[in-house]
1. Which of the residues belonging to segment 124-150 are outside any helix (DSSP H, G or I) and farther than 14 Å from residue 199 by Cβ?
2. Which one of these does residue 157 not meet: (1) in contact with a helix residue (DSSP H, G or I) (Cβ under 6 Å, 6 or more places away or on another chain); (2) assigned to a loop (DSSP other than H, G, I, E, B); (3) modelled with pLDDT of 70 or more?
């Protein structure tokens, strides 16, 4: 593909521990001006239209540490297509190329693709209290699994990077001690599934979402030049 360039991707949630694409390089990285937040109602991956869950988004203000993946030019287009199919199910994210600092070597700065939350979207939850977040997380179950595992897996991988997210740790404690054991353990998975069955029966209210909303926000993707 003539004119192809490498693609950097900034991961701050499930992309850290389940990227789904091949990367030539992986770096601990920092994005300034944006924070990791459980601010998106999930009706697909970690919830359903009848019983939404919550997933992470990059919201304005603060600093976020995560992982920067470097994808080779030959795989850039395919990776971008995959990411859009995975992340833009409801068009809740605004794609942007943002300056990210690699926290290794000479601390180089790269422009990386990041999925920033679109605050005008009906799936934007805003800054919910920890009690409200816990209520959504306890009962959320979607095509990618339950919401409790999503929280536990995110925190486990942040810990591996040496990143402390005290608000997420408090949320984990509020959701229940079983979530604090971390993902992967057989008893933890069984306990999480049991909790979802119980709390999934409790009502969790989120603004309605229809096809018009997805169409309205679908244009908020980065402009890419593809030359064959």
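The values are calculated or read from the model by the stated rules, or taken from the named source; none is laboratory data. Predicted model, so just to flag it, every value in this text is computed and none were measured. Every residue, glycine as well, gets a Cβ built from its backbone with ideal geometry; the counts of neighbours run over all protein chains shown.
1. Once the filter is applied, which keeps residues that are outside any helix (DSSP H, G or I) and farther than 14 Å from residue 199 by Cβ, segment 124-150 yields 124, 125, 126, 127, 128, 129, 142, 143, 144, 145.
2. Single failed check for residue 157: (2).
A quick yes/no check of all residues on (1) over 13 Å from the mean Cα position of the chain (by Cα); (2) at pLDDT 95 or above:
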| position | (1), (2) |
| --- | --- |
| 2 | yes, no |
| 9 | no, yes |
| 21 | yes, yes |
| 25 | yes, yes |
| 31 | yes, yes |
| 35 | no, yes |
| 43 | yes, no |
| 50 | yes, no |
| 54 | no, yes |
